[in-house]
Amino acid sequence: MAEEIRVRFAPSPTGFLHIGGARTALFNWLYARNTKGVFILRIEDTDRTRSTDEYIDAIIEGMNWLGLDWDEGPFRQTDRFDVYRSYADKLLKEGKAYHCYCSAEELEARRKEAMAIGKPVKYNGRCRDMKEPVPGVAPVVRFRMPQQGRTVVDDLIRGHVVFENEQLDDLIILRSDGTPTYNLTVVVDDIDMRITHIIRGDDHLNNTPKQIQIYQAFGYSVPRFAHLPMILGADKTRLSKRHGATSVMAYYEMGYLPEALVNYLVRLGWSYGDQEIFTRDELSRRFSFEHVGKAAAVFNPEKLLWLNSQYIMSASPERLVELVRPFLIKEHLISEDQALDTTWLAKAIHTLQERARTLVELAASLRYYISEDVVFNDKAREKFLNEKSRELLMELKEGISSLSEFSMSELESLFKSIVEKHGVKLGALAQPVRVAMTGGTESPGIYEVLDVLGKEKALRRLEKAIKMIGDV
């Protein structure tokens, strides 16, 4: 029987879910779904000074928004301190760890000495063979790292990576107050949760030989590792706030669709031929480490924006009705408790979704459909709402008033009859009407705009435009 694949995403709640963390979560999720394995969410909250419940909630919110559902968890490391101490005690009893009584000042002085003579900065093993405790000093617990030989990582992405054991430190696994450190907790959790594959950023690669040695000290088989390449900004430095938004939920606030961000994140390091756009099902079926590159990926906001526009373009107007609602509230176009004619709004959205790159843009462009009054662009009003267009607008208003059927085909016939009568081009009427209806010179087709606005609203806006010309 094949081994059950078990992977985990283990963020530290010291900040919001960011782009790099989201990509790590996504690759774990995809591998679990591709192999019909188990995806576990574990919160590594042992840093009590920086971890907060607010950040835990934010991480979970980001995961939910991206649709990265987990099968087990979320587990919190702060609920497991007794477990970590028991594992540390086991290492102490077996001589695989020892108490260290060196003060922070001593360690700092030795660090400076080593740097001054060009030696590796590592613990010198002073307490390694100490038999008796030092009275009145609360010791830390250090792991006894082998001092000879090599530790080899057979990485699913980077291949064969070799570390010389003499370069590795006797790392602290329990602090003097009894709290565990990262390299102990992560191994203990992965053992208890039966993790088979550890998929994480390559900034963790230097921790891997230490963790492999701890696994082996406990007598457990070592999971397979896959270290993902770093994500860089356009200037080829590590992605940070100076490159723009890095928090996942910031992209929600900017009007991105979760599937667009998922699609973009997976392409930061993974490829499948020349295909750019994938459904979630396609990603789950096709994902493998063979197609993950070793080189760092460069985050390109313009590419993400383009991808988002493609998803908005192909979304059903009915779904966009639900997605755009919070942005309409934020734009003060509707109130929180306002009931909307969703059929009408879907019709309005259908005319605009090819032009909108984000839900923020879509909400803003719906303004002239939803609002009672039009906000005019001064240049557009000056150019098109003047005495030249007044007579054409008046005739159109009379024509619309007498239409028995307010439809795009009837409107088109009416427009044609007016421009033919006056011997002008269609734009001579269409552009002034567009400005009267929307306040500007860019919009969907004028017949579509009028059709969505409806007869009564169209007539009121024509009346206002005609009066405005007369008042000038």
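Computed quantities for the displayed model
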{"read-out": "Other-chain or far-sequence residues with amide H under 5 Å of L257's (modelled H)", "value": "none"}
{"read-out": "Per-residue Cβ neighbour rank within 10 angstrom, fewest leading, T52, T24", "value": "T52, T24"}
{"read-out": "Relative intensity, log₁₀ I(q)/I(0), of segment 241-309 from a Debye sum that treats every alpha carbon as a point, q = 0.19, 0.23, 0.29 Å⁻¹", "value": "-0.81, -1.11, -1.44"}
{"read-out": "Gap separating the Cα centres of segment 236-267 and segment 19-66, nearest whole Å", "value": "15 Å"}
{"read-out": "By average C-beta atoms within 10 angstrom, highest first, the peptides 10-17, 408-415", "value": "10-17, 408-415"}
{"read-out": "Phi-based couplings in Hz for segment 326-336 (Karplus 6.51, -1.76, 1.60; Gly and Pro marked x)", "value": "x, 7, 5, 5, 5, 7, 6, 8, 9, 8, 4"}
{"read-out": "Estimated dipole of the chain in Debye, rounded to 20 [Cβ of Lys and Arg +1, of Asp and Glu -1, Cα centre]", "value": "1300 debye"}
{"read-out": "Under 12 Å from the Cα of K122 - aspartates and glutamates, other chains or at least 8 residues apart", "value": "E108, E113, E166, D169, D170"}
{"read-out": "Cα Rg over Rh - segment 315-370, Kirkwood", "value": "0.90"}
{"read-out": "Gain on full stretching of the segment that runs from S401 to F81 - 0.36 nm per residue minus C-alpha separation", "value": "107.5 nm"}
{"read-out": "Nearest-20 debye value, segment 241-309 charge dipole, Cβ charges on Lys, Arg, Asp, Glu", "value": "280 debye"}
{"read-out": "Gyration tensor verdict on segment 378-471 (Cα atoms; rounded if a/c is under 1.5, prolate if a/b is larger than b/c, oblate otherwise)", "value": "rounded"}
{"read-out": "Under the Karplus curve 6.51 cos²θ - 1.76 cosθ + 1.60, θ = phi - 60°, whole-Hz ³J(HN,Hα) for segment 411-418, x wherever Gly or Pro sits", "value": "5, 4, 5, 4, 4, 4, 5, 5"}
{"read-out": "Segment 75-117 pair-distance distribution - Cα-Cα, 5 Å bins, rounded %", "value": "5, 17, 14, 12, 14, 17, 12, 7, 2, 0"}
{"read-out": "Cross-link partners of K425 among lysines (Cα-Cα below 29 Å; sequence separation of 8 or more within a chain)", "value": "K347, K379, K383, K388, K397, K416, K455, K457, K464, K467"}
{"read-out": "Only Lys, Arg (+1) and Asp, Glu (-1) charged, at Cβ; segment 1-159 dipole about Cα centre in debye", "value": "880 debye"}
{"read-out": "Karplus-derived 3J(HN,Hα), 6.51/-1.76/1.60, for each residue of segment 458-471, Hz, glycine and proline x", "value": "4, 5, 4, 6, 5, 4, 5, 5, 5, 5, 4, 5, x, 7"}
{"read-out": "Global geometry of segment 177-229, whether rounded, prolate or oblate, following the gyration tensor of its Cα atoms and the 1.5 cut on a/c", "value": "oblate"}
{"read-out": "Positive-end residue of S316, F327, Q353, charge dipole of segment 315-370 with Cβ unit charges", "value": "Q353"}
{"read-out": "Net length gained if the chain between I117 and A250 were fully extended (0.36 nm per residue, minus Cα distance)", "value": "43.2 nm"}
{"read-out": "Cα-Cα separations in segment 211-334 greater than 24 Å, expressed as whole percent", "value": "44 percent"}
{"read-out": "Amide hydrogen neighbours beyond the local backbone of V140, cut-off 5 Å, H modeled", "value": "C100"}
{"read-out": "Cα gyration tensor, segment 1-130 - rounded (a/c under 1.5), prolate or oblate", "value": "prolate"}
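A short reminder: the numbers here are calculations on the coordinates, not readings from a lab. This one's a predicted model, so the numbers in the text were calculated from it and none came from an experiment. Backbone-built Cβ (ideal geometry, glycine too); neighbour counts: all protein chains shown.
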